[in-house]
Amino acid sequence: MITIKEIADYLGISPGTVSKGLNGATDISDETREKVLTAALELGYKPKRKKPGNNTYIYERNVCIFVENMDYENKEQFSYDLIQGFRQCSNQKNWNVDIIPANLNALSTEDFDLLMLNRNYSGAFVISISMHNDYNKQFSKTRFPTVLFDNLVGDNPNVGYVASDESEGLYLAVKHLYDLGHRRIAFLNGAKNAFVSSKRTEAFKRAMKLLDLKIDSALTESGYYVPDCAKYHVPKFLDAGATAIICASDIIASGAISEVVKRGLSVPGDVSIIGFDDLPLCLNVNPTLTTIKQDRLNLGKSAANLLDNLINNIPVNRYILRSELIVRDSTASPRI
C-alpha cells in the first residue's frame, strides 16, 4: 500500500505537508493541497481504516450513497427502492455501502475528492432532485467514479447517470389521454431549477407536438415536488379549460386530486390526472392514480453496475431505463 512518505518522496515535499494536504489543513496553499491530492489519487493511496474492536487494519472496497434532503427509511418514500436496488447489487459485488444524508448545498464548501479519499470510498451514488452550482463544479472535475440520479454534469468521464426515459413516459401519458379524447392537457412540473424537470418539460412538449396538440402556456407550470404546489396552479388550469393534468410526480398528483375535489369537481369525471413515479401512494389515493412508472429498484441496481464500470475504467456514461404507463382509475374520457 502507498504511504504518506512515498507520496512525499514523489512530490519532493515533507510527509507533514502531505498529511496536511490529505486532511484538509488550512495552513498550506490550495495549489499544494491540489498537488498532494492528485498524487495520492494517481499513486493509489488509501487511508487506513480500523475494524471496530480490532487493532488490525483492513482494506475493502467502500462506496457511499449521498441522499440530499430525501426520506428513504420505508417503502412509501421515493428513495427507498433506489437504495435497496443499489444495496442488493452491491452485496453481490462484496461492497460496503455507507448512506450519507446530506445537504449538497452545505457540502459545497467541502472538497468532494478530499472527502472521498479521506473516507476511503471507491465511488459514490448521488440521489438529489436539484444540483447546486458549486457542487456541480466539483462533479465536473472529480477524479472519483460517481453516478448521479437524474442529473447530468459536464463531460467528465468519471461521472455517469441513471434515469428513466422521460420522453417515452410522457409520450405514453399524452397518447393515453389523446386516445381518450382529451385535447386540453395541462402539465404541472416540479422544481424549475432541477435537471429532471427541464427534461420532463421538453418531453411533454415533444409528445404534444407529435400528436399535433396545441401547447398552451396557460396550461404549463412549474412548482415543487410537494402536494401543496397543486393549489397554486390547478385552479388556473381548470379556469383555462384543462380536461386533463399530467403531474411530474405522484406526490404532486395527489395534491392535484385534492384541489379538483375542493372545487366541487370529480376525478376522472371532470378532470383526468396522471402522476409520475408509481409510488405506493398511487393505490391509496381515491381514485387510484394512473402514473408513469419508474422502476426504482432496477434504477438502483443499474446505478451500482454503472459505478462498477466506472471504477474499472469502462467508458459508460449513462443507463436509461424504459418507462411504463400504469393505467388506473384517475383517467377517463372527457365529458362532452
- Output for region 288-300, where each listed residue is surrounded by fewer than 22 Cβ atoms within 10 Å (Cβ to Cβ) and outside any helix (DSSP H, G or I): Thr288, Lys293, Asp295
- What are the residues in region 176-225 that are polar (S, T, N, Q) and either within 23 Å of the chain's Cα centre (by Cα) or open to solvent by less than 60 Å² (accessible area, probe 1.4 Å) (or both), if any? Asn189, Asn193, Ser197, Ser198, Thr201, Thr220, Ser222
- Verdict on Ile320 being of a type in the set (A, V, I, L, M, F, W, C), surrounded by fewer than 16 Cβ atoms within 10 Å (Cβ to Cβ), within 24 Å of Phe86 (Cα to Cα) and free of Cβ contacts under 8 Å to residues at least 24 places away in the same chain: no
- Task: Test each condition in (1) closer than 21 Å to Val196 by Cβ; (2) among the aromatic types (Phe, Trp, Tyr); (3) modelled with pLDDT of 85 or more for Tyr121 and report the one that comes out false.
- Result: (1)
- Item | Given (1) surrounded by fewer than 19 Cβ atoms within 10 Å (Cβ to Cβ); (2) modelled with pLDDT of 90 or more, index of the condition Asn133 fails | (2)
- Residues within region 235-256 that are open to solvent by less than 10 Å² (accessible area, probe 1.4 Å) and touching a Ser or Thr at 6+ places or on another chain (Cβ under 8 Å), tallied: 5
- Please state which of the following conditions Asn105 fails to meet, knowing it meets all the rest: (1) farther than 30 Å from Leu321 by Cα; (2) at pLDDT below 80; (3) open to solvent by less than 90 Å² (accessible area, probe 1.4 Å); (4) not hydrophobic (A, V, I, L, M, F, W, C). (1)
- Query: Does Ala303 count as in contact with a Cys (Cβ under 7 Å, 6 or more places away or on another chain) and either more than 30 Å from Gly181 (Cβ to Cβ) or surrounded by 16 or more Cβ atoms within 10 Å (Cβ to Cβ) (or both)?
  - Reply: no
- Query: Only one of Val261, Val285 is part of a helix (DSSP H, G or I), open to solvent by 30 Å² or more (accessible area, probe 1.4 Å) and more than 22 Å from Val196 (Cα to Cα); which?
  - Reply: Val261
- Within region 157-169, track down each residue that is open to solvent by less than 20 Å² (accessible area, probe 1.4 Å) and touching a Phe, Trp or Tyr at 6+ places or on another chain (Cβ under 8 Å). Val159, Gly160, Tyr161, Val162, Ala163, Gly169
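The values are calculated or read from the model by the stated rules, or taken from the named source; none is laboratory data. Bear in mind the structure is a predicted one, so any value in this text is a computation, not a measurement. In this analysis, Cβ positions are derived from the backbone assuming ideal geometry, glycine residues included, and neighbour counts consider all displayed protein chains. Keep in mind that these areas ignore ligands, DNA and RNA; they rest on the heavy atoms of the full protein, side chains included. Shrake-Rupley method; radii C 1.70, N 1.55, O 1.52, S 1.80 Å.
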